[in-house]
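The values are calculated or read from the model by the stated rules, or taken from the named source; none is laboratory data. Note that the structure is a prediction, hence the values are computed from the model and not measured. Note: ideal-geometry Cβ built from the backbone for every residue, glycine included; neighbour counts use all protein chains shown.
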Number of protein chains: 4
Amino acid sequence: MEIVKLNFEYSDDVTVINREQFEAHMRLYEGYVNKINEIDGLLADDPDLEGANSTYSEFRGIKRGETYALNGVILHEFYFENIGSNNNEPDEVVMNFLSRFFGSYELWQEHFVATAKASRGWVILCYDPRSDSLRNLSLDLHDYGNAAMSIPLLVLDMYEHAYFLQYADNKAEYIDNFMKNIDWSVVKDRIESM
Amino acid sequence: MEIVKLNFEYSDDVTVINREQFEAHMRLYEGYVNKINEIDGLLADDPDLEGANSTYSEFRGIKRGETYALNGVILHEFYFENIGSNNNEPDEVVMNFLSRFFGSYELWQEHFVATAKASRGWVILCYDPRSDSLRNLSLDLHDYGNAAMSIPLLVLDMYEHAYFLQYADNKAEYIDNFMKNIDWSVVKDRIESM
Amino acid sequence: MEIVKLNFEYSDDVTVINREQFEAHMRLYEGYVNKINEIDGLLADDPDLEGANSTYSEFRGIKRGETYALNGVILHEFYFENIGSNNNEPDEVVMNFLSRFFGSYELWQEHFVATAKASRGWVILCYDPRSDSLRNLSLDLHDYGNAAMSIPLLVLDMYEHAYFLQYADNKAEYIDNFMKNIDWSVVKDRIESM
Amino acid sequence: MEIVKLNFEYSDDVTVINREQFEAHMRLYEGYVNKINEIDGLLADDPDLEGANSTYSEFRGIKRGETYALNGVILHEFYFENIGSNNNEPDEVVMNFLSRFFGSYELWQEHFVATAKASRGWVILCYDPRSDSLRNLSLDLHDYGNAAMSIPLLVLDMYEHAYFLQYADNKAEYIDNFMKNIDWSVVKDRIESM
């Protein structure tokens, strides 16, 4: 059950970030893959369960790392998978799906972009089964802001490492370019396989 | 899509907490239901999207509340659903399922209890599709420690409000009594409907 | 430089909490003292500095524990020191001091109480040298919400462990009783020794 | 009591970061100054104290922003003040001071660098009056990891925005260059005015 790094290749279709930013980001993603495997190894290798404590314990440190690294892996994969299309109009099915929950595609877009500006980590458009609704979740960390049971449909990385090399503090331009480079066919697949 | 409070009734089968602790907890759960509905109302009612900002903005405050209240609702419901059985031996299917991922049922139990002691919020035994494995997630807040896409199977509330009225700082005894009062048939259902 | 637990004794002057709640709280305070000493020992004893990593490393776990346990000690001491007076009217010096920054003593009080209701950890009335002003800081954790360089003047514990044994979820009554049991002579001393 | 932005000018003495990285960082610092003033205005202008709530309330959002923006201002000022010297050997007074608490200057340095690698936000070498000791605090956010009452002596920004434009993910090189560009005379002044 070792987690194997997925292969994402830079191509001309990726317009939201340049190759340098892409490759720096890919190295960070690889770091999370390595860390979750290191952590899973530690958990399997007779950790000090007796000493477990919620103020500080070695075991607590490992468990905090587990949710951080695991989500670091998962969310980066969603992100890299859903960028890179030049033809980034959602089709009617997706449009209708978003409209049903947000009133209109445009209104969803405004909410998604605002959530990006309000977040320190990630934005996740997801389906939340509990309220039977779509939500634009705001995350401040890989593991802070996720919702239990929710199914990610579109993921945007707002960590500073996602854009700072290319955009410096011009966050708005990065978000704008992301919105123009979404691979909506991937989003559609995710909707259909819910 | 308003979230409606579920009805959980105290009964003699609930041995992990007494009626007073149960009812205080239920009032807090109701508070989360009310808050997520308040928040969903604010999000639907033309919030200030233009002013969105990740240091501070009114919209950011709402979005932080959203993931906190929503998970507060979801996790409490999982918790109340999976307590209250006097016959709390997992059957062979569940035993085998846990053994497959943790080596043995006993080893899973030790890890789950240690995770409870190491956590400030929740423990979630869940299935993580990314690594195709079971994990005992450690949460420090309702919305800090969840894993994207994961499916909760057994949930234990480690917030101080879950036990302090009855157990004061005797956290170990609360955990012990929880382990004796798990409704494993609920866990089995969750496994089977994955 | 070992941290030595301070001695706080329950007396009839402590009206904000009963003896049982006081003693449970005192045991938690003692736990933080023990933990920071354990952590300081680990830091002195050749920890794995080479492996330091911000996703997960043993050293990171220790450092996270350090700020949590240390503030757990400091803030509890401020709290226990500033409760327990039956004569809890601030004198004119203190009244004027609060009025100068908040407009009036009553207005400060309203802000302090509201901050308590809005916080998951602590409220700290403090002097902030940077803005040359008094602030009611809101903390969600022992080490989340403190301000660098600030000088605590009045500290209120809003962790659930501070009141749940006695008040259950009746947070408002706890805050109310705290406001009636502040030892303003201690606050005055803190102001004068700034 | 409005907070006024301090003036930091780039010069050839600043070797840890180039002008582009410096200026992007300066714009972010200015953003924090503007935000804390906005927040202080909101707090002064009759906020909704009645509705204060720790799950979500408008007031809670403002209070969370307050500690984040305020520390964002304070810590950036410490950081910009303590970089930019070409002659970056601490004198004997400082050397002895660090040695007294850490065993040796070299050992302090190893701990400080490891803390930088383990942190997502800041490292603060500070004096902690409670334990009468020096500590290298690890912060994950502007307002997460500070210690009450502590006095900052040397501050290093480890937010990704501090280095990513110039160093990409090469965090180690950034830390290395910081260590060579500390203005120890500033640190000495801070020690002497404690």
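When you look at A:SER54, is it part of a loop (DSSP other than H, G, I, E, B), within 11 Å of chain C (Cβ to nearest Cβ) and modelled with pLDDT of 95 or more, yes or no? Can you show your working first?
On the way: part of a loop (DSSP other than H, G, I, E, B): yes; within 11 Å of chain C (Cβ to nearest Cβ): yes; modelled with pLDDT of 95 or more: yes.
In short, yes.
When you go through (1) in contact (Cβ under 8 Å) with a residue 24 or more places away in the chain; (2) over 25 Å from B:SER133 (Cβ atoms); (3) of a type in the set (Ser, Thr, Tyr); (4) crowded, with 18+ Cβ neighbours inside 10 Å one by one for A:THR15, which number turns out not to apply?
(4)
Which condition number does B:LEU75 fail, the rest of (1) within 15 Å of B:LYS188 (Cβ to Cβ); (2) of a type in the set (A, V, I, L, M, F, W, C); (3) in the same structural domain as B:ILE36 (by TED's automatic domain parsing) being met?
Result: B:LEU75 passes all but (1).
For region D:154-173, give me each residue that is among the aliphatic types (A, V, I, L, M) and either within 14 Å of chain A (Cβ to nearest Cβ) or within 20 Å of C:TYR127 (Cβ to Cβ) (or both).
D:MET158, D:ALA162, D:LEU165, D:ALA168, D:ALA172
What do you reckon, is C:SER85 touching a strand residue (DSSP E or B) at 6+ places or on another chain (Cβ under 9 Å), more than 30 Å from C:ASP40 (Cβ to Cβ), of a type in the set (Gly, Ala, Ser) and assigned to a loop (DSSP other than H, G, I, E, B)?
Against the criterion (touching a strand residue (DSSP E or B) at 6+ places or on another chain (Cβ under 9 Å), more than 30 Å from C:ASP40 (Cβ to Cβ), of a type in the set (Gly, Ala, Ser) and assigned to a loop (DSSP other than H, G, I, E, B)), C:SER85 qualifies.
Conditions first: (1) surrounded by 16 or more Cβ atoms within 10 Å (Cβ to Cβ); (2) at negative phi. C:MET149 passes all but one, so which condition is the exception?
Every condition holds for C:MET149 apart from (2).
Identify all residues within region C:141-153 that are more than 8 Å from every other protein chain (Cβ to nearest Cβ) and not aliphatic (A, V, I, L, M); write none if there are none.
C:HIS142
For region C:151-159, does any single residue satisfy the condition of being modelled with pLDDT of 95 or more and part of a loop (DSSP other than H, G, I, E, B)?
Yes, region C:151-159 contains at least one residue that is modelled with pLDDT of 95 or more and part of a loop (DSSP other than H, G, I, E, B).
Take region C:154-189 and flag every residue that is in contact with a strand residue (DSSP E or B) (Cβ under 9 Å, 6 or more places away or on another chain) and either of a type in the set (Ser, Thr, Tyr) or free of Cβ contacts under 8 Å to residues at least 40 places away in the same chain (or both).
Of everything in region C:154-189, those that are in contact with a strand residue (DSSP E or B) (Cβ under 9 Å, 6 or more places away or on another chain) and either of a type in the set (Ser, Thr, Tyr) or free of Cβ contacts under 8 Å to residues at least 40 places away in the same chain (or both) turn out to be C:TYR159, C:TYR163.
Taking into account only those residues within region B:1-33 that are assigned to a loop (DSSP other than H, G, I, E, B) and within 14 Å of chain C (Cβ to nearest Cβ), which is farthest from B:SER85 (Cα to Cα)?
Step one: filter region B:1-33 for residues assigned to a loop (DSSP other than H, G, I, E, B), giving B:1-18.
In the following step, the residues that additionally are within 14 Å of chain C (Cβ to nearest Cβ) were identified as B:17-18.
Values: B:ILE17: 12, B:ASN18: 14 Å.
Selected residue: B:ASN18.
If I filter region C:80-101 for residues that are within 22 Å of D:GLY61 (Cα to Cα) and at the interface with chain D (Cβ under 9 Å from one of its Cβ atoms), do I get at least one hit?
Start the filter on region C:80-101 by keeping residues that are within 22 Å of D:GLY61 (Cα to Cα), which leaves C:101.
Now narrow it down to the ones that are at the interface with chain D (Cβ under 9 Å from one of its Cβ atoms): C:101.
Scanning region C:80-101 turns up at least one residue that is within 22 Å of D:GLY61 (Cα to Cα) and at the interface with chain D (Cβ under 9 Å from one of its Cβ atoms).
How many residues does region C:153-194 hold that are closer than 19 Å to C:LEU98 by Cα, surrounded by 16 or more Cβ atoms within 10 Å (Cβ to Cβ) and among the basic types (Lys, Arg)?
Adding up the residues that qualify gives 2.
Identify all residues within region C:124-145 that are among the aromatic types (Phe, Trp, Tyr) and within 18 Å of C:LEU98 (Cα to Cα); write none if there are none.
C:TYR127
Checking A:ALA114 against (1) more than 9 Å from chain B (Cβ to nearest Cβ); (2) free of Cβ contacts under 8 Å to residues at least 60 places away in the same chain: exactly one of these is not met. Which one?
In the conditions (1) more than 9 Å from chain B (Cβ to nearest Cβ); (2) free of Cβ contacts under 8 Å to residues at least 60 places away in the same chain, A:ALA114 misses (1) alone.
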